[in-house]
Amino acid sequence: DAGVTQSPTHLIKTRGQHVTLRCSPISGHKSVSWYQQVLGQGPQFIFQYYEKEERGRGNFPDRFSARQFPNYSSELNVNALLLGDSALYLCASSFGLAGIREQYFGPGTRLTVT
Amino acid sequence: EDQVTQSPEALRLQEGESSSLNCSYTVSGLRGLFWYRQDPGKGPEFLFTLYSAGEEKEKERLKATLTKKESFLHITAPKPEDSATYLCAVQVANAGNNRKLIWGLGTSLGVNP
């Protein structure tokens with residue numbers, strides 16, 4: 001059974017551009033969360049989606065947005081890229097929203113902003 | 001303020017030299033504590049979930065324990081392939097009963113052959 005998949009693996013963008021990152025959860029998982037991880041830090045929570053609705057949002061500017069599709073896959077969009085947006089972007093899926101749910105992470109998308 | 005602290009920041013062991021990593025937390029409404037392993041440039045790999053004080057879980061050379069204030073990840077007779085960053089995350093319940101994860105900064109473990 002396939003795990004969480006993310007695309008692209010690596011991405012290089014210029015300041016001011018926008019980027020779209022994609023994530024497919026584990027089959028049967030309905031919740032997708034997005035995290036930003038800067039080198040040497042733990043993941044920072046950006047968004048959580050469940051059943052196509054936003055269920056949580058971290059302390060990130062409005063340049064960051066996301067959505068979830070009927071097949072539970074998800075996109076993270078970042079507009080007006082800044083150098084500080086360079087990071088590993090992780091997608092995690094879990095079965096549900098309520099209760100204690102371990103999250104399973106994808107391999108991440110390495111974004112470099114120049 | 002909810003906080004998760006991991007120690008040490010980095011640890012280097014000789015193969016076969018057992019040790020423990022610490023994750024201390026100050027949170028309200030603890031729902032669960034998770035341990036993950038992360039290799040460079042990759043996503044975290046789920047290891048354990050602990051729900052209540054006194055609980056223990058084991059997987060190969062790893063054993064996780066939980067008290068009311070902290071969790072330990074014990075590594076018995078480590079091998080070089082155990083080298084990675086080990087992350088601890090705590091799940092808390094917000095107002096409105098939404099769950100969120102609070103992450104520590106991780107412990108970077110290196111095991112020399």
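Does B:Glu70 satisfy the condition of being surrounded by 15 or more Cβ atoms within 10 Å (Cβ to Cβ), out of contact with any Leu (no Cβ under 8 Å at 6 or more places or on another chain) and more than 12 Å from chain A (Cβ to nearest Cβ)? It would help to see each step written out before you state the result.
Details: surrounded by 15 or more Cβ atoms within 10 Å (Cβ to Cβ): yes; out of contact with any Leu (no Cβ under 8 Å at 6 or more places or on another chain): yes; more than 12 Å from chain A (Cβ to nearest Cβ): yes.
Against the criterion (surrounded by 15 or more Cβ atoms within 10 Å (Cβ to Cβ), out of contact with any Leu (no Cβ under 8 Å at 6 or more places or on another chain) and more than 12 Å from chain A (Cβ to nearest Cβ)), B:Glu70 qualifies.
A:Arg101 - would you say it is crowded, with 19+ Cβ neighbours inside 10 Å, among the charged types (D, E, K, R) and within 14 Å of chain B (Cβ to nearest Cβ)? Can you show your working first?
Working: crowded, with 19+ Cβ neighbours inside 10 Å: yes; among the charged types (D, E, K, R): yes; within 14 Å of chain B (Cβ to nearest Cβ): yes.
For A:Arg101, the condition - crowded, with 19+ Cβ neighbours inside 10 Å, among the charged types (D, E, K, R) and within 14 Å of chain B (Cβ to nearest Cβ) - is met.
When segment A:58-90 is examined, which residues are found to be surrounded by 15 or more Cβ atoms within 10 Å (Cβ to Cβ), of a type in the set (D, E, K, R) and farther than 21 Å from A:Gly28 by Cβ?
Within segment A:58-90, A:Asp85 is the sole residue that qualifies.
Taking only pairs six or more apart or across chains, which ones have beta-carbon atoms under 8 Å, a first residue in segment A:43-63 that is away from chain B (no Cβ under 12 Å), and a second residue that is charged (D, E, K, R)?
Partner pairs satisfying both residue conditions: A:Tyr49/A:Arg55; A:Tyr49/A:Arg67; A:Glu51/A:Lys30; A:Lys52/A:Arg67.
Please work out if B:Gly29 is within 14 Å of chain A (Cβ to nearest Cβ), loosely packed, with under 15 Cβ neighbours inside 10 Å and under 30 Å from A:Ser7 (Cα atoms).
Working: within 14 Å of chain A (Cβ to nearest Cβ): yes; loosely packed, with under 15 Cβ neighbours inside 10 Å: yes; under 30 Å from A:Ser7 (Cα atoms): no.
Answer is no for this residue.
Name, by its number, the condition in (1) surrounded by fewer than 22 Cβ atoms within 10 Å (Cβ to Cβ); (2) within 13 Å of chain B (Cβ to nearest Cβ); (3) hydroxyl-bearing (Ser, Thr, Tyr); (4) in contact (Cβ under 8 Å) with a residue 60 or more places away in the chain that does not hold for A:Ser93.
All conditions are met except number (1).
For segment B:1-26, how many residues are in contact (Cβ under 8 Å) with a residue 60 or more places away in the chain, closer than 16 Å to B:Leu105 by Cβ and not in a strand (DSSP E or B)?
Final tally of qualifying residues: 3.
Would you point out which residue out of B:Leu66, B:Leu73 is within 13 Å of the chain's Cα centre (by Cα), over 29 Å from A:Tyr89 (Cα atoms) and in contact (Cβ under 8 Å) with a residue 24 or more places away in the chain? So that I can check it myself, show each step before the final result.
Details: B:Leu73 fails: over 29 Å from A:Tyr89 (Cα atoms).
The match here is B:Leu66.
Which one of A:Tyr35, A:Tyr89 is out of contact with any Ser or Thr (no Cβ under 9 Å at 6 or more places or on another chain) and assigned to a strand (DSSP E or B)? Steps first, please.
Numbers: A:Tyr89 fails: out of contact with any Ser or Thr (no Cβ under 9 Å at 6 or more places or on another chain).
Result of the check over A:Tyr35, A:Tyr89: A:Tyr35.
Quick one: B:Glu58 ticks every box in (1) on the phi < 0 side of the Ramachandran plot; (2) modelled with pLDDT under 95; (3) not aliphatic (A, V, I, L, M) except a single one, so which number is it?
(2)
Please go through segment B:36-49 and give me each residue that is in a strand (DSSP E or B), at the interface with chain A (Cβ under 10 Å from one of its Cβ atoms) and either among the aromatic types (Phe, Trp, Tyr) or touching a residue at least 12 places away in the same chain (Cβ under 8 Å) (or both), ordered by number. Before you say what the answer is, go through the steps one by one.
Start the filter on segment B:36-49 by keeping residues that are in a strand (DSSP E or B), which leaves B:36-38, B:45-49.
Subsequent filtering for residues that are at the interface with chain A (Cβ under 10 Å from one of its Cβ atoms) retains B:36, B:38, B:45-49.
Correct list: B:Tyr36, B:Gln38, B:Phe46, B:Leu47, B:Phe48, B:Thr49.
Testing B:Glu81 on (1) within 30 Å of A:Ser7 (Cβ to Cβ); (2) without any contact (Cβ under 8 Å) to a residue 40 or more places away in the chain; (3) under 12 Å from the mean Cα position of the chain (by Cα), one condition comes back false. Which one is that?
For B:Glu81, the exception is condition (3).
What single numbered condition from (1) of a type in the set (Ser, Thr, Tyr); (2) touching a residue at least 40 places away in the same chain (Cβ under 8 Å); (3) in a strand (DSSP E or B) fails to hold for A:Tyr72?
It is condition (3) that A:Tyr72 fails.
Any idea which residue in segment A:1-24 is farthest from A:Leu111 (Cα to Cα), counting only those that are small (Gly, Ala, Ser) and part of a strand (DSSP E or B)? Before you say what the answer is, go through the steps one by one.
Taking segment A:1-24 as the starting set, the residues that turn out to be small (Gly, Ala, Ser) are A:2-3, A:7, A:16, A:24.
Still in the running and part of a strand (DSSP E or B): A:7, A:24.
Working: A:Ser7: 11, A:Ser24: 18 Å.
Only one residue tops the list, namely A:Ser24.
Just one of (1) at pLDDT below 95; (2) buried (at least 22 other Cβ atoms within 10 Å of the Cβ); (3) within 22 Å of B:Gly104 (Cβ to Cβ) trips up A:Gly40, so point out which.
If we test A:Gly40 against (1) at pLDDT below 95; (2) buried (at least 22 other Cβ atoms within 10 Å of the Cβ); (3) within 22 Å of B:Gly104 (Cβ to Cβ), just (2) comes out false.
The values are calculated or read from the model by the stated rules, or taken from the named source; none is laboratory data. Being a predicted model, the structure only gives us computed values, none of them experimental. When we count neighbours, we look across all protein chains shown, and the Cβ atoms used for this are built from the backbone with ideal geometry, even at glycine.
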